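Everything below concerns the one structure shown next.
The values are calculated or read from the model by the stated rules, or taken from the named source; none is laboratory data. None of these values were measured; they are calculated from a predicted model. A quick note on method: Cβ atoms are made from the backbone with ideal geometry, for glycine too, and the neighbour counts reach across all protein chains shown. For accessibility, only protein heavy atoms count, side chains too; no ligands or nucleic acids. Shrake-Rupley method; radii C 1.70, N 1.55, O 1.52, S 1.80 Å.
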Amino acid sequence: MNSNQIYSPYDHLIDQIGRMFQSLTKYKSNTPLQPEFSPEPAGTKIHLPAPIRDLDRTLFDTIDMRRSVRQFSPEPLSAKELSTMLWATQGVTFSDERYEFRATPSAGGLYPVKTYLVTFNVSNIEQGVASYDEKDHSLRWLRSGDFRKVLCDATIKQKMILESAAVFIWAADMNRSIWRYAQRAYRYIYLDAGHMAQNTALAATALRLGSCAIGAFYDDALDDLLMLDGTQQTAIYLTVIGHIRKNE
Ligand SMILES: Cc1cc2nc3c(=O)[nH]c(=O)nc-3n(C[C@H](O)[C@H](O)[C@H](O)COP(=O)(O)O)c2cc1C
């Protein structure tokens with residue numbers, strides 16, 4: 001990475017920013033503000049098939065066997081496999097009249113991190129960008145097209161993107177957490193995303209698929225792909241998914 005790529009107007013603060021962040025987000029106030037939610041993105045809905053529930057790998061075998069996979073075969077992901085991965089990441093697992101809880105925990109039950117999906121090679125699902133709507137386990141179609149090269153460039157040319165079948169991108173809706181936790185929300189959002197990514201990785205292993213988390217990317221490029229403003233809503237983490245390529 002050259003110096004142009006990491007330049008920002010705040011470079012003079014870079015040696016202090018971590019300590020300042022940790023210090024300034026220490027708990028000092030518990031005065032809640034008003035909730036402020038962004039609306040759901042507009043787009044055509046596609047309902048997903050029911051997730052696969054009868055997997056034969058035990059939890060402990062799954063934990064033991066999870067590994068970051070960066071080489072994928074051309075075999076497409078099935079819609080059922082995709083559905084299972086999305087459900088494990090963020091599916092609704094309990095609801096009553098007042099609350100709705102999901103497969104992964106979230107600070108305050110606020111769920112500020114949304115799952116976006118970029119499809120390259122999924123049976124019976126076109127290539128494009130969608131957002132996951134956990135309420136009815138559906139996809140909301142946002143853009144059509146082959147975004148492999150765009151996403152490869154956006155992840156600082158990580159070639160695994162080109163072979164993968166789909167990519168989950170997690171984007172934070174900051175105010176969904178800030179109204180309650182003020183600047184401390186910036187800690188919780190990343191912790192939430194970590195929980196989600198781990199469930200994604202374990203679900204992939206349980207399904208005998210491969211996945212790899214990606215934290216290295218050009219923020220603006222990902223936000224442009226998802227049509228997010230980069231401030232109130234911004235991409236924070238991603239995971240590539242596909243069938244594992246067996247090396248001869
Ligand atoms: C926050 C985070 C960011 C990561 N970013 C990348 C990445 O940009 N590219 C990559 O190839 N792997 C990335 N990884 C995967 C790690 O390299 C991998 O987890 C580590 O080498 C341990 O190997 P394992 O996952 O097989 O146990 C990331 C993992 C985490 C948790």
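Determine the pairs where a residue that is touching a residue at least 40 places away in the same chain (Cβ under 8 Å) and within 13 Å of THR115 (Cα to Cα), located within segment 188-205, has a partner that is open to solvent by 40 Å² or more (accessible area, probe 1.4 Å) and within 12 Å of the ligand (Cβ to nearest atom) with Cβ atoms under 7 Å apart, the partner being 6 or more residues away or on another chain. Final answer for the pair search is ALA193/TYR237; ALA197/ALA213; ALA197/TYR237.
Of the helices (runs of 4 or more DSSP H) contained entirely in segment 128-237, those carrying at least 1 residues that are within 16 Å of the ligand (Cβ to nearest atom), open to solvent by 30 Å² or more (accessible area, probe 1.4 Å) and among the basic types (Lys, Arg) fall at 185-206.
Just to be sure, is TYR132 among the aromatic types (Phe, Trp, Tyr) and in contact (Cβ under 8 Å) with a residue 60 or more places away in the chain? In short, no.
Could you list, in sequence order, all residues of segment 95-117 that are assigned to a strand (DSSP E or B) and not basic (Lys, Arg)? If the condition is that a residue be assigned to a strand (DSSP E or B) and not basic (Lys, Arg), then SER95, GLU100, PHE101, VAL113, THR115, TYR116, LEU117 are the ones that fit.
Beta carbons closer than 8 Å, at least 6 apart along the sequence or on distinct chains, pair a first residue in segment 61-79 that is more than 15 Å from the ligand (Cβ to nearest atom) with a second that is open to solvent by 50 Å² or more (accessible area, probe 1.4 Å) and at pLDDT below 95 for SER73/LYS246; ALA79/ASN124.
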